[in-house]
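The values are calculated or read from the model by the stated rules, or taken from the named source; none is laboratory data. Values in this document were obtained by computation on a predicted structure and should not be read as measured data. Backbone-built Cβ (ideal geometry, glycine too); neighbour counts: all protein chains shown. These area figures cover heavy atoms from the full protein model, side chains too; ligands, DNA and RNA do not enter into them. Shrake-Rupley method; radii C 1.70, N 1.55, O 1.52, S 1.80 Å.
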Amino acid sequence: MGSTSSTLSKIPNADELIQETGFTSAHLARLFERFEALDKDKKGYLSPQDFEAIKELALNPICDRIIGAFFSSGQEMLDFSSFVRILAHFRPIDNNRTKEPNSPDPINSRINKLKFAFQLYDQDKDGKISRNELLQVLRAMLEKQVTEEQLESIADRTIQEADLDRDDAISFEEFRKSLEKVNIDHKMSIRFLR
Amino acid sequence: MGMNWLLWSVLLVFLVFGSVPVGSDAGSDPDPDLHPDPPRDPHTPQHTPPHTPRRTFPVLTVQFQTVRKPFESALWILLASLLKLGFHIIPRFSSVVPESCVLIMVGLLVGALIKLLGETLPVLDTQLFFLVLLPPIILDAGYFLPIRPFGENLGTILVFAVVGTLWNSFFMGVVLYGVCLLEGSSQLAGVDLLACLLFSSIASAVDPVAVLAVFEEIHIHELLHILVFGESLLNDAVTVVLYHLFEEFAMMGEVTLVDVFLGVLCFFVVALGGVLVGAVYGLLAAITSRFTSHTRVIEPLFVFLYSYMAYLSAEVFHLSGIMALIACGVVMRPYVEANISHKSYTTIKYFLKMWSSLSETLIFIFLGVSTVAGPHTWNWTFVSATIVLCLLSRVLGVAGLTFFINKFRMVKLTGKDQFIVAYGGLRGAIAFSLAFLLSAEHFPMKNLFLTAIITVVFFTVFVQGMTIRPLVDLLAVKKKKETKFTINEEIHTQFLEHVLVGIEGVCGHYGHRHWKDKLGRLNASYLRRWLIVGERSQEPQLISFYNRLELEQALLVAESGTAGRLTPALPSSASLLAEKQKSVMNVSKEREQRIRKILRANLQKTSQRLRSYSRHALFLEEEEEDDWNEMKLQKQRLEMGRRMSHYLTVPANWQESPPLRRAKTESGNQVKESRPSAAVSVPIVSVESVPPSAPADSGMSPDKTADSPPQTVGGALKSLAGSGRGKGRKPSVTFALDVDEQKLPRCLSDPGPNKIDEEDEEHREWEV
């Protein structure tokens, strides 16, 4: 407990973060330690190179997208609060949270999780997943094991299935609808971050 | 209604009289043949008197003895199957009473009738049960085990299976012993603690056969189904260990701490050993299936044999045979399915279902018959205590464990779920057989145990089995969802998996996803490469999924197509054309170009199809299977075009042409046949695969581009046919279409074998 409070004191506006993200102070302290561990040059912020140094991330087929999600507005520096805010998306949904009428949805609500996932697809931020973006994702995931034609057919079929307004791209609503049967809480939560 | 009862009574009569020879088999004298009797005494000198009266040549003789055993077995199986048939004919009955109940009741009836007739009853032979009747059911369950939900809930299932069964056994054993002591009657005096523990370990195991029989009919949602079912499968290890443990202890008379420790060790050996044996055999089966491409006919045999060997090998060492069987099925399935042909897959599926269904029927009938047969010792206290304790310990166990487990689960188990899990803990024939196996000298109260177990089994199967369905409806438990696989879900799910693994890496936390990912990578880089033959070894899961989807859709189209309405070809073709022409315009030029390229490439590949029939090959299909993927993908594209293939109407006189070649039905190919005499139905036009090395063709005649697509395709074909043929496959040009659009036009079909030269003419005919 002692170490937690001392770590907490190092974090600027810790209380605000706890309020906003819903992490407990113990979790926040743990994440701060992780932040400092990743920040090898002790800069006080994280850069994309720090992320690329994580071994497991480097093996991931979509690592650049994940990194891109952290450094969303093209900036090169990631401070701790943004780091935590992004990770808050992956907290399991609290079912017994009371719904205050006027407060916005918490960061880890189902809809926000989906929005985050959508942004990972939609790199050019036009609000739609175009055929090209889908192809890029598929290409990344399937790692050169399939032919172009197969990729294109899959992309075609995917869009055909989800695209309700026939604009040859998947909007957020269509994305949400196609995943309505999937238990997003299960698929997009890390128990560690509860 | 009267007919049904008549049918039932006839069946019953048959069963009774069929079992009479079975009953009288034990130890009775052989029936005298109608042959003139040979001398009975083997020691009389073998001199046939030279003056034996000439007898007439026996035209018709009866010799039942030589076929007695197989005949009786076959008769039993036949009658059991007829019963099953009869059961499903009666409409309302089958929705109220689960099948297992009816079968037991029939068994009871038959047993009663046989007893009335004074014959000896056929008893459920434990050898028969464990070695012949049980394995098919377990293999069927294991082979088709849904891996994803099973893996996701493995922790919960293991806790229920191991800890739950242990709790049940000890709680029930101890309390039962207390009851026996308290009761103080002479009957129960000989029942000591170890015997009670042994009895309760037998009686506390949830039975997979019963669970399957009942749960299959109620269609609850996947999570609950897999929880109860998985538990019933995995608790076999615990049951085996406890059974042997207590049996040994009861015979040895005293228990030391070392023995207890050894018992725990034994559990791990039994469970892990069983899984290991199963996995080894599974890998062997996978490796074998790599080489079966030339002898497709015996592929299913390998699957069955390896699994059965796994079961038997595990039983040799008293390891858990059920777990070996499950492990074998689970391990071998992904690789074997990638290697075997589609027909073999279907064969395996149907044989497994058939055998398991038959086994189940026989087990329940025999259970009923054995109930009538067995010597019974009824003791009200013991039996009622057993039933009450079974229920109580189950409820307490499930509630307690769920409270503990929910702390670790993402998707928590609600009270309703817990109730169903507790209520679904049915006992069945395994418990009965284990009790039967007890040796009577060491366990003088064996009959007491048998009676109690039978009562418990009856209670759970009848009471719980019959009431679970209305309870499920009453409690509004979620039913099984109509899982229509969508490729969207699959892609996004995989994507999210990658994201989460990445985020876990960022957090520095290595959860089960991390290990699952590692395992998947290992699988992809090593196992798949070695165990799957050919191109499929490189195929990522998404592609397999996609192909499967395509195949399903194609089959759907094919089936509905050939069963479609028949409308006259010619008169409607014009109207169809007109109708379709409107939507034709939507096809973009580039799509057209692509389509043409495909057709061009395909039709250049023509060759003689060797229609050989040999014991080792159903079709010559080796080369085609590699191209299946490409073919399907192109078909998909054509489907996306969605407008074009409709216009290929076949003129009436074309129907004299050789019947459409039956499309290859090997792994994943469409099953299509077009009847030559058929009028228009949904055209099944499948483009055969284009090997990448398809030579570029000479350009299309420019005037074709102006035509509407239907004729363009016809024209394309025409020019293709003319542009020479290389070797390669015979093209079957079929385009699968969407069912709901009700495409009526005819399909092009390739000419049959040996008709290459006539292709030109036929193609020309296609111009409408």
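Computed from label points 7 Å out along Cα-Cβ, the spacing between A:M77 and B:D259 is 7.4 nm. Given a Förster distance of 56 Å, report the FRET efficiency between B:L181 and B:Y510 from their Cβ-Cβ distance, rounded to the nearest 0.05. Once the sixth-power term is evaluated, E becomes 0.60. Per-residue shielding of A:148-156, expressed as the average number of other chain Cβ atoms within 10 Å of the residue Cβ, stands at 6. With respect to chain A, whose longest principal axis is taken over its alpha-carbon atoms, helix A:148-162 is tilted by about 80°. When the pairs B:K353/B:K480; B:K407/B:K516; A:K187/B:K412; A:K128/B:K518; A:K181/B:K84; A:K10/B:K412 are compared against a 25 Å limit on Cα-Cα distance, A:K128/B:K518; A:K181/B:K84; A:K10/B:K412 fall above it. With chain A treated as a Gaussian network of Cα nodes joined by springs under 10 Å, which of A:T24, A:T147, A:T158 yields the largest mean-square fluctuation? Sorting by GNM fluctuation, first place goes to A:T147. Nearest 100 Å² is fine: how much accessible area is buried between B and A, summed over both sides, with a 1.4 Å probe? Chain pair B/A: roughly 5000 Å² of buried accessible area. Each peptide in B:145-157, B:386-398 receives the mean, over its residues, of other Cβ atoms within 10 Å, and ordering these scores from highest gives B:386-398, B:145-157. For the pair B:L117 and B:S384, the difference between a 0.36 nm per residue extended length and the Cα-Cα distance amounts to 92.9 nm. May I ask you to derive the FRET efficiency for B:V96 and B:T61 from their Cβ-Cβ distance with R0 = 35 Å, giving the value to the nearest 0.05? The value I calculate is 0.10. Distance between the modelled labels on B:H88 and A:Q49, one decimal in nanometres: 6.9 nm (7 Å Cα→Cβ projection).
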